[in-house]
Amino acid sequence: MSAHGEPDAMFTDLDPIWTTCRSARQIYALGLVDKEISELLSLAASSISLLTLPQTDGPDDALPQGEERIEKFVLEAGEYFEKLDSIQGAIRSSLAQVRRARIAPSAINAPPAGFVPPSMGVALDRTVEGKETKGLQESRVERDAWTGILDALKRMREE
């Protein structure tokens, strides 16, 4: 929300899950930063290709020639720095949000070396530190199976 109580323009056409709380909006904004970084890298690649000598252009490159090449480089370089500034602002905003929320630094430390996050779906059989790991879907299926077994045993006992 803006200072005037209106929804931010960035969040108007979103799935409502991303507008439920400040943290969700920050996560969405960081996702946008991730996309902007890939666009930034693409701009850097195209700018560098404009700096090469025209004689080295491939037939399928479709790069401009002469003065038009210089103008295109200037435009792409300007867009690159605008995008870089946008990314910097978004990252600073996210850091300010973390500071405002007073999240303990220990809560955002990197996981220990060798940490394997659990799979959110079906995973191959894995063992981490002598313990079998299961994905979220596998855990739910196993829970439902045990619940079904328990219900069947209760019905058998009642009969």
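Please work out if residue 50 is modelled with pLDDT of 70 or more, surrounded by 10 or more Cβ atoms within 10 Å (Cβ to Cβ) and outside any helix (DSSP H, G or I). No; evaluated as a whole, the condition is false for this residue.
In the stretch 89-110, which residues are surrounded by 10 or more Cβ atoms within 10 Å (Cβ to Cβ) and either among the aliphatic types (A, V, I, L, M) or at pLDDT 90 or above (or both)? First the steps, then the outcome.
Just the residues of the stretch 89-110 that are surrounded by 10 or more Cβ atoms within 10 Å (Cβ to Cβ), to begin with: 89-98, 101, 103.
Matches in the stretch 89-110: 90, 91, 95, 96, 98, 101, 103.
Note on the stretch 2-21: among residues that are loosely packed, with under 12 Cβ neighbours inside 10 Å and in a helix (DSSP H, G or I), the one that is modelled with the lowest pLDDT is 9. For the stretch 117-126, the count of residues that are at pLDDT 70 or above and over 27 Å from residue 26 (Cα atoms) is zero.
The values are calculated or read from the model by the stated rules, or taken from the named source; none is laboratory data. Treat the numbers as computed from the prediction; the structure is a model and nothing was measured. Note that we place each Cβ from the backbone using ideal geometry, even for glycine, and neighbour counts take in every protein chain shown.
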